[in-house]
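See structure below.
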Amino acid sequence: MRAVIGIILPIQRDEFGFAITEDDQPDLHDIPGFYQVGRGAFLVAEINGRLVGTLGLKDIGARQGALRKMFVESEFRGREHGVAQALLHRLIDDARVQGLREIFLGTTEQFRAAHRFYDKNGFHAVAADTLPSAFPRMAIDTRFYRLALA
């Protein structure tokens, strides 16, 4: 768990300047209990034994999931390493096997590269008022996406 927090917090705070703490994210203290229940999952990527990426999927019921905590250390981003792409492909494949119909996600305006990444991977922007009521919305999220799996 410390290794996961060690990836996520520096990206949130140092790279993007969000005033967020570990305590603001209780899901990071109980990854199995928050993500790995129902049809949910939490994936990590390692390169040479070093944790370099994370990706979570929260089962929100109604055969829907919420993609969260997609973070890759800066030196391992991009096509050269393919970390984000590998994590997302694995998560989507597993979600289909688990019978999910849709995946939703929230992000911020600052994550412009992420917007392009989600667009490229078949996600479509949706209005906040169309999100499922069970979607775990973060206060900093301003853009939302949906991926149909069926």
Worksheet entry | Condition met for residue 146 (assigned to a strand (DSSP E or B), among the charged types (D, E, K, R) and open to solvent by less than 70 Å² (accessible area, probe 1.4 Å)) | no
Worksheet entry | Candidate set from the stretch 111-128 (those that are surrounded by 14 or more Cβ atoms within 10 Å (Cβ to Cβ) and either basic (Lys, Arg) or touching a residue at least 40 places away in the same chain (Cβ under 8 Å) (or both)); member that is nearest to residue 40 (Cα to Cα) | 114
Fill in: Residue count for the stretch 20-59, restricted to those that are assigned to a loop (DSSP other than H, G, I, E, B), farther than 19 Å from residue 104 by Cα and of a type in the set (A, V, I, L, M, F, W, C)
1
Fill in: Top-ranked residue in the stretch 129-139 [being over 14 Å from the mean Cα position of the chain (by Cα) and of a type in the set (A, V, I, L, M, F, W, C); ranked as most open to solvent (accessible area, probe 1.4 Å)]
139
Worksheet item: For residue 38, all conditions in the list (1) over 15 Å from the mean Cα position of the chain (by Cα); (2) farther than 17 Å from residue 136 by Cβ hold save one; what is the number of the exception?
Response: (2)
Practice prompt. Would you be able to tell me the number of residues in the stretch 21-44 that are closer than 16 Å to residue 67 by Cα and open to solvent by less than 60 Å² (accessible area, probe 1.4 Å)?
Written response: 11
Worksheet item: Taking the stretch 80-131 as the search range and keeping residues that are of a type in the set (D, E, K, R) and outside any helix (DSSP H, G or I), which one is modelled with the lowest pLDDT?
Response: 109
Worksheet item: Can you name the residue in the stretch 6-19 that is surrounded by 14 or more Cβ atoms within 10 Å (Cβ to Cβ) and within 14 Å of residue 111 (Cβ to Cβ) and is also nearest to the chain's Cα centre (by Cα) among such residues?
Response: 8
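The values are calculated or read from the model by the stated rules, or taken from the named source; none is laboratory data. This is a predicted model, so every value here is computed, not measured. Here Cβ is always computed from backbone atoms with ideal geometry, including for glycine, and neighbour counts include all displayed protein chains. In case anyone asks, the SASA skips ligands and DNA or RNA and just uses the protein heavy atoms, side chains included. Shrake-Rupley method; radii C 1.70, N 1.55, O 1.52, S 1.80 Å.
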